[in-house]
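The values are calculated or read from the model by the stated rules, or taken from the named source; none is laboratory data. This structure is a prediction, so every number in the text was calculated from the model and none was measured. Positions of Cβ are backbone-derived with ideal geometry, glycine not excepted, and every protein chain shown enters the neighbour counts. Please note that ligands, DNA and RNA were not included when accessible areas were found on the heavy atoms of the full protein model with its side chains. Shrake-Rupley method; radii C 1.70, N 1.55, O 1.52, S 1.80 Å.
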Amino acid sequence: MMNKRILLIGGGGHCKSVLDSLITSPNFTDIAIIDTKENLGKEILNRKIIGTDDDLEKLFNEGYQNAFITVGSIGDTQLRRKLFDMVKRIGFNIPSIIDSSAIISENVKIDRGIFIGKNAVINAGAEISEGAIINTGAIIEHDCRVDKFAHIAPGAVLSGDVVIEENVHIGARAVIKQQIRIRSNSIIGMGSVVLNDIPPNSIAYGNPCAIYSNKAKREEK
Ligand code: JB2
């Protein structure tokens, strides 16, 4: 029988969204949260912060076999990736958490550690990779690819055959035209309308979407 105990890593806003989807699921009945020392004992939707990252190994040995990263990411996935690697190394099973209201074609590939929020739609032929977030009401049309740790924020629309590379953030209500590719580490601002491919590390926004800066070049200065 599947182990029904799960730890959520990070007890802020994103945790609340994920937890709200999780508490109606029969798959997990014992849910606890891991955060920083200052937040020990606090509760989110009646689930307690019971430990810090230093306690993970002990909790794993005590029978929490599942873990899920609930630190979100807006433009920087470093912490999410670090925590993901940590729970993987300890040996936790990392499920995907899918809200029961999401509409997902049977013909999609969904990796582990993915969150799919309320009313999200994922159509046939789509591929979603490890650690990605498909947030509330996002639409991932047919044949789109969402790579590792990318975040599609609430209400964003990927028209058919779009590729979103690793660590990209697509802001809320942005619309990406069909067959466009957004290269790794880029941020697309809220409400943007993207009509052309976007190179790696870009910060781009507007309608039509324009590139305003390049993260890698800024960090070099
Ligand atoms: O190293 C850490 C760590 N660093 C910060 N380990 C663990 N286990 N937890 C850590 N945290 C905790 O993550 C903070 O103490 C805090 O409780 C939580 C982050 O919460 P916050 O609400 O600041 O961010 P978020 O990532 O949960 O939510 C953001 O991203 C979502 C996608 C928000 O902006 C949301 O509005 C958004 N929907």
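Some values worked out for this structure:
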item: Exposure ranking of Tyr212, Tyr205 by accessible area [1.4 Å probe, largest first]; result: Tyr212, Tyr205
item: Charge context of Gln179, other residues only, Cβ under 12 angstrom, K/R +1, D/E -1; result: -1
item: Gain upon complete extension [Lys118, Ser101; 0.36 nm per residue less C-alpha separation]; result: 5.6 nm
item: GNM flexibility winner over the chain from Lys177, Lys109, Lys118 (Cα, springs under 10 Å); result: Lys109
item: For region 91-221, share of DSSP beta bridges that run antiparallel, in % to the nearest 5; result: 10
item: Over 30 Å between alpha carbons, listed pairs Lys4/Lys177; Lys48/Lys109; Lys109/Lys177; Lys37/Lys109; Lys58/Lys109; result: Lys4/Lys177; Lys48/Lys109; Lys37/Lys109; Lys58/Lys109
item: Calculated from backbone phi, Karplus (6.51, -1.76, 1.60) coupling profile of region 32-45 in Hz, x at Gly/Pro; result: 9, 10, 10, 9, 8, 3, 4, 9, 3, x, 5, 10, 10, 6
item: Within the chain, helix-based [θ] at 222 nm, where runs of 4 or more DSSP H residues each add -39,500 (n - 2.57), nearest 500; result: -4500 deg cm²/dmol
item: Within a Gaussian network of the chain (alpha carbon springs, distance under 10 Å), most fluctuating of Glu141, Glu130, Glu43; result: Glu43
item: The chain, relative contact order in percent, only Cα pairs under 8 angstrom and at least six apart counted; result: 11
item: Percent carbon-and-sulfur accessible area, the chain, ignoring ligands, DNA and RNA, probe 1.4 Å; result: 48
item: Region 34-93-region 109-142 distance, computed between alpha-carbon centres (Å); result: 22
item: Cα-projected label distance for Leu79 with Ala172, points at 7 Å along beta-carbon direction, nm; result: 1.9
item: Residues of region 86-168: accessible area per residue with a 1.4 Å probe, Å²; result: 37
